[in-house]
1. Of (1) under 22 Å from Val46 (Cβ atoms); (2) open to solvent by 40 Å² or more (accessible area, probe 1.4 Å); (3) of a type outside the set (Ser, Thr, Tyr), Val80 satisfies all except one. Which?
2. Which residue is surrounded by the most Cβ atoms within 10 Å (Cβ to Cβ), if the candidates are limited to the stretch 46-77 and must be among the charged types (D, E, K, R), free of Cβ contacts under 8 Å to residues at least 60 places away in the same chain and not in a strand (DSSP E or B)?
3. Among the residues of the stretch 105-115 satisfying the criterion of being assigned to a strand (DSSP E or B) and surrounded by fewer than 17 Cβ atoms within 10 Å (Cβ to Cβ), which is modelled with the lowest pLDDT?
4. Evaluate the following for Phe95: is it among the aromatic types (Phe, Trp, Tyr), part of a helix (DSSP H, G or I) and free of Cβ contacts under 8 Å to residues at least 40 places away in the same chain?
5. Return a yes/no flag: does the stretch 123-135 have any residue that is surrounded by fewer than 16 Cβ atoms within 10 Å (Cβ to Cβ) and either closer than 19 Å to Thr34 by Cβ or among the polar types (S, T, N, Q) (or both).
6. What single numbered condition from (1) free of Cβ contacts under 8 Å to residues at least 24 places away in the same chain; (2) touching a Cys at 6+ places or on another chain (Cβ under 7 Å); (3) within 18 Å of Lys129 (Cβ to Cβ) fails to hold for Trp38?
7. (1) farther than 28 Å from Leu9 by Cα; (2) among the aromatic types (Phe, Trp, Tyr); (3) assigned to a strand (DSSP E or B): which one isn't true of Phe124, the others all being true?
8. Within the stretch 15-43, can you find the residues that are under 18 Å from Leu81 (Cβ atoms) and either open to solvent by 70 Å² or more (accessible area, probe 1.4 Å) or part of a strand (DSSP E or B) (or both)?
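The values are calculated or read from the model by the stated rules, or taken from the named source; none is laboratory data. None of these values were measured; they are calculated from a predicted model. Neighbour counts are summed over all protein chains in view; Cβ atoms, including those assigned to glycine, are modelled from backbone coordinates with ideal geometry. In case anyone asks, the SASA skips ligands and DNA or RNA and just uses the protein heavy atoms, side chains included. Shrake-Rupley method; radii C 1.70, N 1.55, O 1.52, S 1.80 Å.
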Amino acid sequence: MKNQYEDSLRNALIANFDDGDFAPLNALFADSYTWGGWNVDDRQYVFTQDEFAQALKILDTMDASSHKLTNIWSIGDDIVLCEIDAFRKYQDLEFKGKMVNFFRFTDGRITHAGDICPHHLKPFWDAVKSRQRRL
């Protein structure tokens, strides 16, 4: 059963992914949140809000990066899961894969979020980092 946050998150993700408008998604995040995910060294890590913003800057170095929301569903009253097709391109290197993002809402705002990515993302990041070090 859909919870009260699923539609607002769907709309915010579509605005971000399709139109490049991050404002609706940003408005859903609490003033202080954590993101549990994987760093480019393939280590699980809990990012603070500021650390997560810094980590996302690696996407700015890509020649191409895109996301497409392929599925979204609710679990209970406060959790929303999203299946996302992700694409990254750096020079001749490419990554395509499915990721799952999860979001927990408290009082209408995202307080905890995270992702899980396929194993073949690590070799892509290793190759990118190796090339970027040479620059």
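1. (2)
2. Among residues in the stretch 46-77 that are among the charged types (D, E, K, R), free of Cβ contacts under 8 Å to residues at least 60 places away in the same chain and not in a strand (DSSP E or B), the one surrounded by the most Cβ atoms within 10 Å (Cβ to Cβ) is Glu51.
3. This residue is Asp115.
4. No.
5. yes
6. Status for Trp38: all satisfied but (1).
7. Here Phe124 clears every test but (3).
8. Listed by number, the residues that qualify are Phe29, Tyr33, Thr34, Trp35, Gly36, Gly37, Trp38.
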